[in-house]
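Okay, structure first, notes after.
Bear in mind these aren't lab numbers, they're just calculated from the coordinates by the rules spelled out. Keep in mind that what you see is a predicted model, and the values were worked out from it rather than measured. Backbone-built Cβ (ideal geometry, glycine too); neighbour counts: all protein chains shown.
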Amino acid sequence: MAVPWHPLAIALMVGAVPAVAGRGESVAFPTALLAAAAAFAIDDPSHETLATSPTSLLRRRLHRLTVVAPMTVLGWAALVLIPVAGGIQETVTLVAMFAGLFALSVGFASTIASRNRGRGGALGSSALLSALIVSSIFPPSWRPLPMGDVPGGWGALQTRWSLSAMAGMVIFLVASRDPAARRVWQRP
Amino acid sequence: MSGIRLTGVSKRYGRVQALDGIDLSAERGITGLLGPNGAGKTTLLRVLATVQAPDAGSVELLGHDPADAEQRRSIRRRLGYMPQEPGFYDNFTVFEFVDYIAILKQLTDRRKRHDEVREVLGLVELTAEARRKVRDLSGGMRRRLALAQALLDRPDLLLLDEPTSGLDPAQRLRFRELVSQLPNRPVVLLSTHQTEDIAAVCERVVVIAAGRVQFDGAPDALRQVAVGRVWISDRPNAQTLLSWRSGDGTLRHVGEPPSGADLVEPTIDDAYLLLSGSSGGAS
Amino acid sequence: MNSSANPPMGPVVTALAVAEGRHLLASRVFWSGLAIALLGTGVFIRSALAEESPTWDDDAWTMGVSFFLAAIFVMVAVNRAALRDRREHAVEQHEALPAPRSARVAGLFAGALWPAAVTSVLVGGGVLFAATRLDVPAVSALFVIHNAVLVLMLGAVGLVLATWMPSPFVAPVVAFALFLIAPGETPAAWHVIWPFATLETWGLAAWHIGYLLALALLFAAIASGRPDWRRGQTIVALMSGVAVVVSLTVLISGVCPPRGPCLL
């Protein structure tokens, strides 16, 4: 299986810069980069060839994610979770944040790949990082993807990131439906 | 105008000897390049297209040495190249894509360049698609688009790698008409697996196998290689190089004659099969 | 039909600049950045209209930041354009064309002038609007030029990244990093590139424009130096490098002391 590893390598190297530069408390930067790098796992150069295989598009994408996700999670744990996490609330929030970003990244990439000959990594990762930028324009209480403190504390952060994770998963599942399948509203 | 002169050209990729001391010269007119997959045809075209330098041997194109930067640029200005797997900018329109290539071919006068773009799009019958995005074109249309960019500015040296693969029969015939009636009669090197195209338009055919020239002559001379070695019978024969059942139910054999077989006129396919050596090589 | 002498590359670069500029303006990435810029300008206009005593210093920073973000998006757009050949597997066929890669880099660099012009016109509109409502220092008019040069410089960064780190992931990563060091509580982090930091005296503002321009030329020269360095590129890189060092020294000595330590 041809999985592009270089985005993950880039994310690990660049994501480690704040820690190396003595700004180890930086959480959003490495988390966002690693999640964005995961978008490239969706890129499948054999997209057209495998389109007729009995293995469904969803299953093929899940196979690819199964290969990439463990390395991504390990890298994230090494860069963020282990050095930064203190109490249980903080750990849960960090995990929710990573899950939310990861799911959105994969969801965006899947949506784009379905319309772009199997390639969605570049635009999917850009879309995720752009979404973070756009989110930060809103006032803290309205930020859908908060990278810092928001009113409501840990609970609010956990809720928002959990919702983001669910939204990302729904987007991924919808975008990974077999293209030949009849749409829900077309079913007799 | 000088054409192509290759002397002792070799190229190796790791353990694979792609070209092994090729000697080849060509003047104005259409030369067909035949050979099995992996024979070195594409490597040869890449050397001729100045995108790759040989490991050994000398190359002279249109009177210039491609190893020299200025001379290489002179060659490229007079070169049209359609690679085997052309790349396109999917979000450009057909016109924009060819126009972009025309700029890179140093056609900088906007009005003349646009006229030239319209002309080559007309030659490949893509005028009606000029405003369509490249991503919306069919495979055959993309092939014609690749041909259009190669025809820009009436090149003196035209290198075409599998130009007719993916074209429908009418477009293939149209291609033959187009390439045989190019106004300035350039040096054309046509690499293809379509022996009918070779027979139809080429004045000369070069067969390459294992990085070496196996045959160099007129298409009819190539056909003559198989004279007396093609047979038909109604029984199979394990001794022949290759045999297959024709539409009329008889078996056509190339190579050693089976007992009771009748000799028939060979085609270029038969001769090519004999030259390339085995059925495996002709895959 | 062709003549034997090779023509100069200037007209090719000009024609490429027009073609590339049009495509940059049409790119979705550029429009995303423009949307953010317009949003920031909208916030600025709203606050300028709503507040009883709005000030340029307090309120215009949203517009400045949003146009900086738009410039970052231009960087990504230029990077994507420069990586087009690799993405579409068109490298080989374009290598057989007479225009060298350096001409294409120059064309794309000059093409970034288009988004620079468009965003600067919008910046000019914002400054003009502000001038009707607020007490805008005359030197702030230079923000228009600053913005154009900043877009050009970040476009050149996109080119360098595409040339020396040709991965579609690198530019978004750099863009995000630039965003994260955005001004807020620690504006010093942006002193060296963000125009507002020096838009206080004519002298410093002029030095800043020169600095950004020199950086842009330096990056463009480095971007065009692959696959082979030529004498012209070396000269441009050396001269612009010297200009960067000199202007940076002036800026650091002029801006940083009153504001505290600079990051760069």
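The fraction of all Cα pairs in region C:1-127 landing in successive 10 Å bins from 0 to the largest distance is 12, 34, 25, 16, 9, 4, 1, 0, given as whole percents.
With a Förster radius of 51 Å, plug the Cβ-Cβ distance of C:TRP202 and C:VAL91 into 1/(1 + (r/R0)^6) and report the FRET value to the nearest 0.05. Mind showing how you got there, number by number?
Working: r = 47 Å, r/R0 = 0.92.
Calculated value: 0.65.
Calculation over all alpha carbon pairs of chain C in 5 angstrom steps from 0 returns a P(r) of 1, 6, 12, 17, 18, 16, 12, 8, 5, 3, 2, 1, 0, 0, 0 percent. Distance in nm between label sites at B:SER138 and B:GLN17, each 7 Å beyond Cα in the beta-carbon direction? It works out to 4.5 nm between the two label points. Hey, which lysines would be in cross-link range of B:LYS41, C-alpha to C-alpha under 22 Å, not counting anything within fewer than 8 residues on its own chain? Within reach: B:LYS11. Counting Cβ atoms of other protein chains within 10 Å of each residue's Cβ and taking the mean over peptide A:130-136 gives 5.
log10 I(q)/I(0), Debye, Cα-only region B:90-197, no solvent, q = 0.13, 0.15, 0.18, 0.20 Å⁻¹? Cα-only, vacuum Debye calculation for region B:90-197: -0.45, -0.61, -0.88, -1.08. Within region C:67-142, the percentage of alpha carbon pairs spaced more than 14 angstrom apart rounds to 72%.
Shape class for the protein assembly as shown: prolate, because the ratio a/c of the largest to smallest gyration tensor axis (alpha-carbon atoms, square roots of eigenvalues) is 1.5 or more and a/b beats b/c.
Counting only other chain Cβ atoms within 10 Å of each residue's Cβ, the peptide C:82-90 averages 4.
Round to the nearest 0.05 the FRET efficiency obtained for A:LEU58 and B:ARG131 when R0 = 35 Å and r is the Cβ-Cβ distance. Please list the in-between numbers first.
Working: r = 37 Å, r/R0 = 1.05.
After rounding to 0.05, the efficiency reads 0.40.
Sorted ascending by nearby beta carbons within 10 Å, beginning with the fewest, C:TRP164, B:TRP231, C:TRP61 become C:TRP164, C:TRP61, B:TRP231.
With both partners inside the protein assembly as shown, how many of the DSSP beta bridges are antiparallel, as a percent to the nearest 5? Before the final figure, lay out each step's value.
Details: 29 of 47 bridges.
In the protein assembly as shown, approximately 60 percent of DSSP beta bridges are antiparallel ones.
Working note: 222 nm ellipticity from helices only, DSSP H runs with n ≥ 4, each -39,500 (n - 2.57), summed and divided by the residues of chain B, gives -9000 deg cm²/dmol to the nearest 500. Using Cα-only point scatterers and the Debye equation, what is log10 of I(q)/I(0) for chain B at each q in 0.10 Å⁻¹, rounded to two decimals? Per q value, in the given order, log10 I(q)/I(0) is -0.58. Quick one: if you stick a label point 7 Å off each Cα along the C-beta vector at B:THR93 and A:VAL17, how many nm between them? So the label points at B:THR93 and A:VAL17 sit 4.0 nm apart. Cross-link partners for B:LYS133 among the lysines, with Cα-Cα distance under 29 Å and sequence neighbours closer than 8 places in the same chain left out: B:LYS105, B:LYS112.
Here the Karplus curve 6.51 cos²θ - 1.76 cosθ + 1.60, taken at θ = phi - 60°, turns the phi angles of region B:119-126 into couplings of 5, 5, 5, x, 4, 9, 6, 10 Hz, with x standing for Gly and Pro.
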